Structures are given as C-alpha cells and as structure tokens.
1. Taking a label point 7 Å from the Cα of Asp304 along the Cα→Cβ vector, which residues of segment 343-375 have an amide N closer than 14 Å to it?
2. Just grab the label-to-label distance for Glu224 and Met1, each label 7 Å out from Cα along the Cβ direction, in nm (one decimal).
3. Looking at segment 89-156 only, what percent of DSSP beta bridges run antiparallel? Nearest 5 please.
4. Out of residues 5 or more away from Ala142 or on other chains, whose amide H comes under 5 Å of its own, with H placed 1.01 Å from N in the peptide plane?
5. What's the ranking of 336-342, 208-214, 68-74, 118-124 by average number of surrounding C-beta atoms within 10 Å, highest first?
6. Once you put a point 7 Å from the Cα of Asp375 and another 7 Å from the Cα of Asp196, both along the Cβ direction, what distance in nm separates them?
7. If one computes the Cα centroid of segment 240-293 and of segment 295-332, what distance in Å separates the two points?
8. Which value, in debye to the nearest 20, describes the size of the charge dipole of segment 86-146 about its Cα centre when Lys and Arg Cβ atoms bear +1, Asp and Glu Cβ atoms bear -1, and nothing else is charged?
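Read-outs: derived from the displayed coordinates by stated rules, not from any lab. Since the model is a prediction, treat every value here as computed from it, not as a measurement. Neighbour counts run over all protein chains shown; Cβ positions are idealised from the backbone, glycine included.
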Amino acid sequence: MYFAPRMDELKPSDIREVMKIIAAKPGTISFAGGLPAPELFPSEDLREVVNGLLNDKAGQALQYGATLGYQPLREKVAKLMEREGVKATADNIIITAGSQQGLSLSGMLFLDKDDVIIAESPSYLGALSAFKPTESQVVSVACDGGGMLMDDLERVLAETPNARMIYVIPNFQNPTGKTWTMERRQKLIELANKYDLPVIEDNAYGELRYEGERIPSIASIDTEGRVVHLGSFSKILAPGLRVGWISASPELILKFELLKYGADLQPNELVEMMIDGYLGSFSLDEHLKKIKAEYKARRDLMIDVIRNEFPTEAKWYYPEGGMFVWIELPERINTRELLKKAVDKGVAFIPGGSFYPNGGIEYAFRINFSNMKSDKIVQGMKILAELLREELK
Ligand SMILES: Cc1ncc(COP(=O)(O)O)c(C=O)c1O
C-alpha cells in the first residue's frame with residue numbers, strides 16, 4: 001500500500017517507549033511521564049456538574065456545537081487570559097482538543113514542506129511530533145536558565161530565510177523546568193517583529209507557579225498580533241478532558257476555525273459545558289491552591305534528596321513551578337543506559353537525549369514530581385541517588 005511520504009518522518013516517541021518498559025514492570029516508581037496527580041482531580045465537583053447537565057441540558061450537551069467552542073466557556077477563558085496580562089474577549093479564543101491541538105493547528109497554519117520552526121534546545125517532544133506531518137524541520141536555539149540565548153536566536157534568524165515560526169515554552173519549560181526572564185521575552189518580540197514571524201507561546205504550565213512573581217506572558221507584550229498563546233485545562237483540572245485553547249488576534253482565530261472545522265468539526269460539547277459549569281459553580285482558585293500546595297511539597301521533597309544525596313557532579317535546575325526537574329551529569333554517563341539500570345532497581349525517568357529534535361546531549365535526564373505520592377518520591381529518589389553515586393564513583 002502507498003503511504004504519503006510524510007509518514008517516513010514519523011516515529012514513536014521515546015517517551016512512549018519508556019512508558020512501555022514501565023508498563024511491563026508493575027510497581028515501578030515512575031518519574032517519567034508528565035502526569036498530574038490523579039487523586040487531585042476535582043472528580044466529585046465534575047460529577048455534580050455533569051449530572052446536572054445530563055439531567056437538564058442533555059439536548060444541548062449531546063448535540064453538535066460551534067467550531068470555535070461553547071460561547072460561555074470562550075468568555076470565561078478570555079477572562080482567564082487576564083492573568084496572563086492579555087486583554088481578550090471571546091473573539092480572541094478558540095477552544096481546542098488540549099493545547100496539543102493548538103500546536104498541530106499552528107503547524108498547519110504556518111508550515112509547509114522544508115520550512116523551519118525555531119525552537120528551544122531541548123524542547124517539548126509532543127510539539128515536535130505535532131509539527132512533523134508538515135514535513136518541516138526544527139532548528140534549535142541554545143538556552144540557559146533564563147530562556148533562549150538571544151545572540152543565538154539572532155544568528156539563527158539571520159541564517160534561516162525559510163524560518164516560518166518560533167515555538168517557545170516560557171514558563172516552567174518541558175523538559176527543563178526553566179522560565180524565561182522578562183528581558184528575553186521582550187527581545188524575542190522585537191526579533192519576531194523584525195523578521196515578521198509568528199510566535200507560538202505554549203503556556204501549558206503557567207498556572208503552576210509555587211513561588212516568585214508571575215512574569216508577564218509574551219502575548220501581553222505583543223503589539224502586532226503575532227503571538228499565538230496556547231493554554232490548557234490539562235494540568236490545572238485534568239488532561240483526560242482534552243480541553244485547551246488558543247488565544248490570538250481575531251484574524252488568526254478565524255483561520256484556526258477553518259482548520260479546526262476540517263480537523264474535527266468542533267470541541268467536545270459535553271466536556272466544554274462541564275468545564276464551563278465547573279468554573280461557574282466552583283472556585284478554580286481554591287482548586288489551584290490545593291494542587292499547587294501539594295506539587296510544591298512534592299517538588300521540595302525531590303529537591304531535598306537531590307541537594308543532600310546526589311553526587312555534586314550532578315547539575316540541576318531549580319524549577320519555580322511546573323512539573324519537572326532537569327539534571328545534567330558528566331558527559332561520560334549515557335542516560336539511556338542509566339535508565340536500564342534504574343528500571344532494574346524500580347525507578348524510571350526520561351533520558352534527556354529524547355528532547356532534542358536533531359540530537360543533543362545524552363548525559364541529562366528529566367524527572368517529574370507531580371505524579372508520584374510523597375513516600376514514593378523519597379523512596380525513588382534515594383534509589384536514584386544511590387545509583388548515581390555508584391555510577392560516578
Ligand atoms: C509543553 C507542553 N505543551 C503542550 C502539552 C499538551 O498538553 P495538552 O494537550 O494536554 O494540553 C504538554 C503536555 O504535556 C506540554 O508539556
């Protein structure tokens with residue numbers, strides 16, 4: 001059978017492969033996936049809302065709806081964008097199947113065969129997979145603890161006439177947990193204006209800040225309508241709902257509407273109405289307070305073991321929020337090999353090399369702190385610490 005050439009580009013993600021290894025070994029303490037804590041999902045509240053909807057509004061909730069999304073939810077999401085310093089109305093919002101669909105639609109909107117996406121190095125694997133079917137290429141820009149290095153970005157922009165968009169995760173990045181400084185955000189907008197490029201600002205983790213001040217979003221300093229800001233209910237309510245949004249200029253939203261219509265007609269009406277009902281009847285802020293307190297405690301436990309028990313050659317970044325800690329080891333340690341030994345001892349992580357689209361360092365790894373309960377975090381981190389001490393002897 002003939003397959004389109006784009007299929008040659010697609011291969012299973014390394015994360016899925018690690019997940020398979022873990023699934024084959026029940027009881028593994030997994031710091032691998034980027035999963036929220038299931039015990040913190042607001043299941044009772046959602047049940048109440050969905051029961052009410054099916055009792056009173058089933059005709060609407062189970063019917064076809066608008067491609068742009070359920071209007072009251074778009075209005076509430078527009079209000080949420082105020083937290084990001086963005087003045088939005090429903091006209092600036094389209095509801096998507098998670099922020100992942102926002103990535104995929106952005107790829108369709110801006111990219112063609114052999115075009116270039118400029119992204120952080122390392123970056124979120126799932127985004128790179130979302131862009132892949134366009135047969136475009138990724139060019140990576142070096143980063144430090146404050147985001148992309150602007151000199152490197154300028155160099156790449158000057159050398160890449162077929163660059164078509166810049167993709168960044170400025171808050172508590174996946175995989176590194178790093179957050180961009182305000183200066184870098186400003187400079188990014190200056191350069192995007194100069195080169196007339198759209199910026200995809202992926203803000204999947206923005207609400208999960210455990211300390212320090214919120215830094216204004218890149219969308220909030222955009223004066224030319226070139227930022228496509230992606231938000232999501234996945235990390236703040238539950239990822240299985242598959243509801244996120246794109247916030248952008250009304251002109252761009254209408255283009256996204258055309259693409260979404262072709263992709264899946266509309267969001268899931270019942271789930272949109274459920275989230276809308278939840279936001280109307282319950283306090284998102286109270287819920288956020290609860291999950292942030294728990295995630296902060298889990299992060300602190302993880303960091304305590306790293307500080308006190310990891311060999312000093314292990315360098316790590318302190319995340320002020322999000323779900324991940326990124327660790328870099330001396331170059332002689334290959335973390336894909338290390339993972340096999342860790343899994344034998346009952347612990348899993350994601351090797352860092354997986355997050356570089358064009359190959360990158362093989363001596364780093366990412367660990368997640370949101371999913372495992374405290375006792376497992378301590379137990380798993382102590383096992384990792386011992387393994388690292390052995391390896392680095
Ligand atoms: C940086 C980033 N962007 C987007 C997503 C996609 O999330 P969702 O589609 O569930 O909103 C993830 C998921 O882990 C992520 O880490």
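1. From segment 343-375, the list is 374-375.
2. Computed distance between label sites Glu224 and Met1 equals 4.5 nm.
3. 25
4. For Ala142, whose amide H was placed from the backbone, the distant partners under 5 Å are Leu149.
5. Put in order of decreasing packing, that is 118-124, 68-74, 336-342, 208-214.
6. Going from the Asp375 label point to the Asp196 one covers 6.2 nm.
7. Rounded to whole Å, the Cα centres lie 32 Å apart.
8. The calculation lands at about 180 debye.
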